[in-house]
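Structure first, then comments.
No lab work stands behind these numbers, since they all come straight from the coordinates. Note that this is a predicted model, so its numbers are computed, not measured. Because the Cβ atoms are built from the backbone with ideal geometry, glycine has one as well, and the counts that use them run over all protein chains shown.
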Amino acid sequence: MTTQDTGPGGPVQGDGIFRTKSVEQSIRDTEEPEHTLRKSLSAWDLMVFGVGVIIGTGIFVLTGKVAKETAGPATALAFVAAGIVCALAALCYAEFASTVPVAGSAYTFSYASIGELPAWIIGWDLVLEFALGTAVVAVGWSGYVRSLLDNAGWHLPAALEGPDAVGGTFDLLAFLLVLLLTAVLVIGIKLSARLTAIVVAVKVAVVLIVIVAGLFFVKADNYQPFIPPAQKQEGGSGLNAPLVQLIFGYEPTNFGVMGIFTAASVVFFAFIGFDVVATAAEETRHPQRDMPRGILGSLLICTVLYVAVALVVTGMQHYTELSVSAPLADAFKAVGHPFYAGIISFGAAVGLTTVCMILLLGQTRVFFAMSRDGLLPRFFSKTHPHFGTPYRPTVLLGSIIAVVAGFTSINELATLVNIGTLFAFVVVALGVIVLRRTRPDLHRAFRTPWVPLLPIVSIAASIWLMLNLPAETWLRFVVWMVIGAAVYFLYGRSHSRLGRTRV
C-alpha cells in the first residue's frame, strides 16, 4: 500500500478505487464555509431521533404475525436476539461516529477505512435503503390516517387512496406527508428535533399504555407452551425461497428453538433506524461524547419496550388467536376494551411521521456527504445560507420520494430496506477492524470492545440474517449495486476530490 500526502488534511492511503480519505481530511472538509452543517444537537436529541425512527410499524404490526406464525410467546426472545445483532453493530457505529464525526454514516466510515469504491457502494446502498424506507413508511402512515378518517365519517375519493386500494391510483396523503417533512428538514434540524420529541412522547406513551393496561389482562395459561414445538416450514421455491435454502438446502422451522432465530430475522425490521442517528454526527455539538450515548441509548430503550410489549400481548391472547394485521389494537378488542384499540391506532399514525422524517434526514445527509466529496455533483453540497441545512438534496430527494410514495405500491420492495441495512452493518464492522490496524494512533472517544472478535461476530450475525431473505431480494439488491458501480466509474471516479488531490 502506498501513501501520498494531500497537504495539511492528512495522508491518502492506497491507490485508485481503494484510496482512503484520512479522518483529518474528512473533518477539515466540514469546516468549509459553504459546506458546513450547523451543530445544534445534544445526546438527548440523538436518543429522541433514535427512538423516533426505531419504534414504528415493526412493533405495531410484526408482533402478532411473528407470534402467531413463527415463535409463539417466545417472540420476546426473538426481539432479544434481533436486539443483540443490532447491539453488536451499534458498538461499531458508536466508535466510528465518535472518531469520525462527519455526515454520511457508513459511507463516511468506509471512506476512512476500506476505500473509495466500497464507500461509494455503501453510500449508494444507503440512498436506496432510506428512500424505500421513507416511501414504505409514508404509505403505511397513509393507511392508518385513512382508517382514522373513515372512523370519523370522512372519506377520501377512491382514486386518491393509493395503488393498494380498490380503484386507487394516487396516494395523496403519503405524497403530502413527504412534502411537508421535506419543508421541515429544510428549515432546520433543531426544529426537526423538537417536532420529533413531541411525536416520540406520544408514541412512547402509547407503547407504555399497551404495557401497563395490558398487564391487567395477562393470563398465565396463554404462555403455555412458551416455546411451542417445532414445525417444519413448507420450503419456498425459486426466487421466493430464502437464499440459505437455495445454497445449503436448509429449511427454516416455525416454533421451537430455531423458530426464535427465524423470527429474529423477521422482527429485525422493527429495529431498523438506529444507524440513522450516525448520519447526524456532524450536526452534534459534542459528537465524541454524545454519539455513543444516542446510538446505544435509543437501541436499549427500544429493545426493553419491544420485549415488554411482546410479553404483554402474548399474555393477553393465546398466540394462536392473535391478529396479524393489528395485533396490539385487536388484543384489547378481544378483552372488551376497544377504547385502548383506538388510542393505539392513533399512536401508530402519529408515530410513523417521525420514522418517515428521520429516514429522509438520513438519506439527505448521505447524499450531501457524497456530493461534498465530488462523487456526486458538488451543486448538492452547498448548505442554506440562513438555515445551515443541505437544502438542495433535501428538496430533490424529498420531491422524488413523494412521487414514489404517491404512485407506487412498494410492499415487495420493503425487504430491500432490510438487506441494505444489514449490508451497512457488515461494512461498518469490517471498517472498525481495518481502521484499528491502519490508524492505531487515532484518538477514539469510544472504543468498541473485544476487537476484532466482536466485529467478526457482528459480521457473521448480519450475514446470517441476510441469507434468510428471499433470493428475489438479493437479485434486486445486486442489480442496484451494479447500477451504482456503473455510475461511479462513469462519473464519481473522475470527479472525486480525493483523486484530484493526488499527484
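Over the chain, what is the relative contact order in whole percent, taking alpha-carbon pairs under 8 Å and six or more residues apart?
Numbers: 948 pairs, mean separation 161.7, N = 503.
Normalised by residue count, the contact order of the chain is 32 percent.
With θ taken as phi - 60° and the coefficients 6.51, -1.76 and 1.60, list the Karplus ³J(HN,Hα) couplings across segment 213-226 in order, rounded to whole Hz; mark glycine and proline as x.
5, x, 4, 6, 10, 6, 10, 4, 4, 5, 8, 9, x, 5
HIS155 versus ARG447, label points 7 Å from Cα toward the beta carbon: distance in nm?
Taking the simple label geometry, HIS155 and ARG447 are separated by 6.6 nm.
Can you list, largest first and rounded to whole Å, the semi-axes you get for the chain by taking the square root of 5 times each eigenvalue of its Cα gyration tensor?
Three semi-axes, in Å: 37, 26, 21.
Please give the net charge around ALA106, taking every other residue with its beta carbon less than 9 angstrom from that of ALA106, where Lys and Arg add +1 and Asp and Glu add -1.
Here the charged neighbours net out to -2.
Once phi is turned into θ = phi - 60°, what whole-Hz ³J(HN,Hα) does the Karplus curve with 6.51, -1.76 and 1.60 give for every residue of segment 193-206, x standing for Gly and Pro?
With the stated coefficients, segment 193-206 comes to 5, 5, 4, 4, 4, 5, 5, 5, 4, 5, 5, 5, 4, 5 Hz.
222 nm [θ] for the chain, helices only, -39500 (n - 2.57) per DSSP H run of 4+, per residue, to 500?
-20500 deg cm²/dmol
For a quick check: with amide H placed at 1.01 Å from N, whose amide H comes under 5 Å from ASP171's, ignoring anything fewer than 5 positions away on the same chain?
GLY162, PHE407
Is the shape of segment 194-315 rounded, prolate or oblate, going by the alpha carbon gyration tensor and its root eigenvalues a ≥ b ≥ c, with a/c under 1.5 for rounded and a/b larger than b/c for prolate?
Oblate is the answer for segment 194-315, as a/c is 1.5 or above yet b/c matches or exceeds a/b.
Please state the Cα pair-distance histogram of segment 372-503 with 5 angstrom bins from zero: what percent is in each bin?
2, 8, 11, 12, 16, 18, 18, 11, 4, 1, 0
Debye calculation, C-alpha points only, no solvent: report log10 I(q)/I(0) for segment 275-369 at q = 0.15, 0.17 Å⁻¹, in the same order as the q values.
Evaluating at q = 0.15, 0.17 Å⁻¹ gives log10 I(q)/I(0) of -0.77, -0.87.
Translational D (Stokes-Einstein, µm²/s) of segment 146-222 at 4 °C and 1.567 mPa s when Rh comes from the Kirkwood sum over C-alpha pairs?
81
Take the cross-link list LYS203/LYS382; LYS65/LYS203; LYS39/LYS382 and give me the ones stretching past 24 Å between alpha-carbons. Don't skip to the answer; put the middle values down first.
Numbers: LYS203/LYS382 34 Å; LYS65/LYS203 21 Å; LYS39/LYS382 16 Å.
Cα-Cα > 24 Å for LYS203/LYS382; rest within.
Return P(r) of segment 88-214 (all Cα-Cα pairs; 10 Å bins starting at 0; whole %; ordered from short to long distances).
Binned Cα distances yield the sequence 10, 24, 31, 23, 10, 1.
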